[in-house]
Amino acid sequence: MHDATHRLPQRRALVTPLPGPRSAALAARRDAAVAAGVGSTAPVYAADADGGVLVDVDGNSFIDLGSGIAVTSVGASHPRVAAAVAEQAARFTHTCFMVTPYEGYVRVAEQLAERTPGAHDKRSVLFNSGAEAVENAVKVARLATGRTAVVAFDHAYHGRTNLTMALTAKNMPYKARFGPFAPEIYRMPMSYPFRDEPGLTGAQAARRAISRIEAQIGVDSLAAIVIEPIQGEGGFIVPAPGFLAALADWARAHGVVFIADEVQTGFARTGAWFACEHEGVVPDLIALAKGIAGGMPLAAVTGRADLMDAVHPGGLGGTYGGNPVACAAASATIAVMRELDLPARAREIEVAVLPRLRELATETPVIGDVRGRGAMLAVELVRPGSTDPAPELAKAVAAEALSQGVLTLTCGTYGNVIRLLPPLVIGADLLADGVGVLAEALRGCARRP
């Protein structure tokens, strides 16, 4: 990997108590203006960010182990992305591709056809968010197959629209009291090695799900299987080897569209361009967002040309989908990922961090499992001597790490998982410092009564 250069000093430095006075003042303004239903992980307000650090309005510099939930993989202000945004914005910010199309949209679609798994003929359509991408992938699958049923999995997270809430497994905070939800969604058991019965293989876990699909839905009614190759919000669950491939093979044999939700796992995050590649799986449709555009809002569905082109003209789109400024950012972001070989950098992060976390697990009985791929890593916390989830401990660890200048995120169906999503351009020393702070936070919180 070529060295990445950074505009801000890449160091952790706290200069005020947290939150500082300016963040506190902004919080008071927020309470008077922003809906209470919008939550925030940290009580500090961002003023600047670059590489692996985020600086708040009070001048505190934090190590960023969250990347805005896997978005700013090339950093939050990479100069090439910023220049592409500025150049495009100076020309035009919007025409609507459905009214007056432009080259940037076409260029991104070409890049997606080149980069996504499989050598088949592909087409793409661009949107604004991951939820839009997943929802439109389901639309394509239903229209192309003439079927209506859709399978999702335990612990899944696919978004906050009505249809994607139906696909999402976790009730609070995503679904509680927002129903009724879209119909013809069926939930099947996921391969979750830490919580499955011991010895259950990926093939066996797939057969468990398939047998229920065949009994409860029937192949002739099933339009699509929607799955995250590594589940994100559900707990960074890496299915047992062979699980994804067995599902994909069964789907292909029965004319069921296999949709990979790579919104969080895509674009070098797991050490490959897309997480499906680790299992040799080529999805029929792939939903993309987050890391695609360096922080600008952009999403896509890319897939088999026969499926995508089955939709009538005007059946897919949206006013802002494929915004020209976001497209310029995406092309620049993909170029940076390629030139810096960020899939390789993600693998380097795994090699540096995963052994440290596993060593920590041997001395800290509250760590039930350490898992992940590339720069998508997680620690699942439990009550000592059991597999009972410890969500309050996870919350305390994240709070303690923040108090020492390290931003981390929690996740999981049970709220008991600490997830690490550092920018792929983070320096080795900064990453080591951040993981060291997290380790001390885990040790300290585990010792509390």
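The values are calculated or read from the model by the stated rules, or taken from the named source; none is laboratory data. Not measured: the values here are computed from a predicted model. Reconstructed Cβ throughout: ideal geometry from the backbone, glycine too, with neighbour counts over all protein chains shown.
Would you confirm whether or not region 318-327 contains a residue that is touching a Leu at 6+ places or on another chain (Cβ under 7 Å) and within 18 Å of residue 230 (Cβ to Cβ)? No: region 318-327 contains no residue that is touching a Leu at 6+ places or on another chain (Cβ under 7 Å) and within 18 Å of residue 230 (Cβ to Cβ). Return the residues of region 399-429 that are part of a helix (DSSP H, G or I) and surrounded by fewer than 22 Cβ atoms within 10 Å (Cβ to Cβ); say none if nothing qualifies. Of everything in region 399-429, those that are part of a helix (DSSP H, G or I) and surrounded by fewer than 22 Cβ atoms within 10 Å (Cβ to Cβ) turn out to be 399, 400, 402, 403, 428, 429.
Among the residues making up region 373-390, a single one is outside any strand (DSSP E or B) and of a type in the set (Asp, Glu): 388.
From the list 148, 100, the lone residue that is assigned by TED's automatic domain parsing to the domain that holds residue 250 and in contact (Cβ under 8 Å) with a residue 24 or more places away in the chain is 148. Look at region 207-224: where a residue is modelled with pLDDT of 95 or more and a partner is surrounded by fewer than 19 Cβ atoms within 10 Å (Cβ to Cβ) and among the hydrophobic types (A, V, I, L, M, F, W, C), sitting 6+ places away or on another chain with Cβ atoms under 9 Å, you get 208/200; 213/219; 223/143. The residue pairs whose first member lies in region 293-311 and is over 18 Å from residue 135 (Cα atoms), whose second member is surrounded by 20 or more Cβ atoms within 10 Å (Cβ to Cβ) and modelled with pLDDT under 95, and whose beta carbons are closer than 6 Å, counting only pairs six or more residues apart or on different chains, do not exist in this structure. Residues that are surrounded by fewer than 24 Cβ atoms within 10 Å (Cβ to Cβ) and touching a Phe, Trp or Tyr at 6+ places or on another chain (Cβ under 8 Å) within region 249-264 comprise 251, 252, listed in sequence order. Using the structure shown, decide if residue 165 is surrounded by 19 or more Cβ atoms within 10 Å (Cβ to Cβ), among the aliphatic types (A, V, I, L, M) and out of contact with any helix residue (DSSP H, G or I) (no Cβ under 8 Å at 6 or more places or on another chain). So residue 165 fits the description; yes.
Do the conditions hold for residue 313, that is, is it in contact with a Phe, Trp or Tyr (Cβ under 8 Å, 6 or more places away or on another chain) and farther than 25 Å from residue 276 by Cα? No.
Taking region 407-427, which residues are under 26 Å from residue 80 (Cα atoms) and either within 20 Å of the chain's Cα centre (by Cα) or among the basic types (Lys, Arg) (or both)? Of everything in region 407-427, those that are under 26 Å from residue 80 (Cα atoms) and either within 20 Å of the chain's Cα centre (by Cα) or among the basic types (Lys, Arg) (or both) turn out to be 407, 420, 421, 422, 423, 424, 425, 426. Test residue 153 against the stated conditions and say whether it is within 19 Å of residue 37 (Cβ to Cβ) and either modelled with pLDDT of 95 or more or not assigned by TED's automatic domain parsing to the domain that holds residue 247 (or both). No. Residues of region 56-77 that are hydrophobic (A, V, I, L, M, F, W, C) and under 20 Å from residue 438 (Cβ atoms): 62, 63, 65, 69, 70.
The residues listed here are 357, 307, 316; of these, the one that is more than 23 Å from the chain's Cα centre (by Cα) and either assigned to a strand (DSSP E or B) or crowded, with 20+ Cβ neighbours inside 10 Å (or both) is 307. Within region 244-255, residues that are assigned by TED's automatic domain parsing to the domain that holds residue 193 reach partners that are of a type in the set (Lys, Arg) with beta carbons closer than 8 Å, at six or more positions or on different chains, in the pairs 246/207.
Restricting 32, 84, 49, 36 to residues that are at pLDDT 95 or above, surrounded by fewer than 19 Cβ atoms within 10 Å (Cβ to Cβ) and not in a loop (DSSP other than H, G, I, E, B) narrows the list to 32. What tally of residues in region 123-158 results from selecting those that are surrounded by 24 or more Cβ atoms within 10 Å (Cβ to Cβ), in contact with a helix residue (DSSP H, G or I) (Cβ under 8 Å, 6 or more places away or on another chain) and part of a loop (DSSP other than H, G, I, E, B)? Selection size over region 123-158: 2. Residues that are in contact with a Leu (Cβ under 8 Å, 6 or more places away or on another chain) and among the hydrophobic types (A, V, I, L, M, F, W, C) within region 191-217 comprise 206, 209, 210, 213, listed in sequence order. Taking the criterion of being of a type in the set (Val, Ile, Thr) and part of a helix (DSSP H, G or I), the residues of region 87-119 that qualify are 106, 108. Residues that are within 17 Å of residue 381 (Cα to Cα) and touching a Gly at 6+ places or on another chain (Cβ under 6 Å) within region 391-410 comprise 391, 409, listed in sequence order.
Among residues of region 171-221 being among the acidic types (Asp, Glu) and closer than 25 Å to residue 135 by Cβ, the one that is nearest to the chain's Cα centre (by Cα) is 184.
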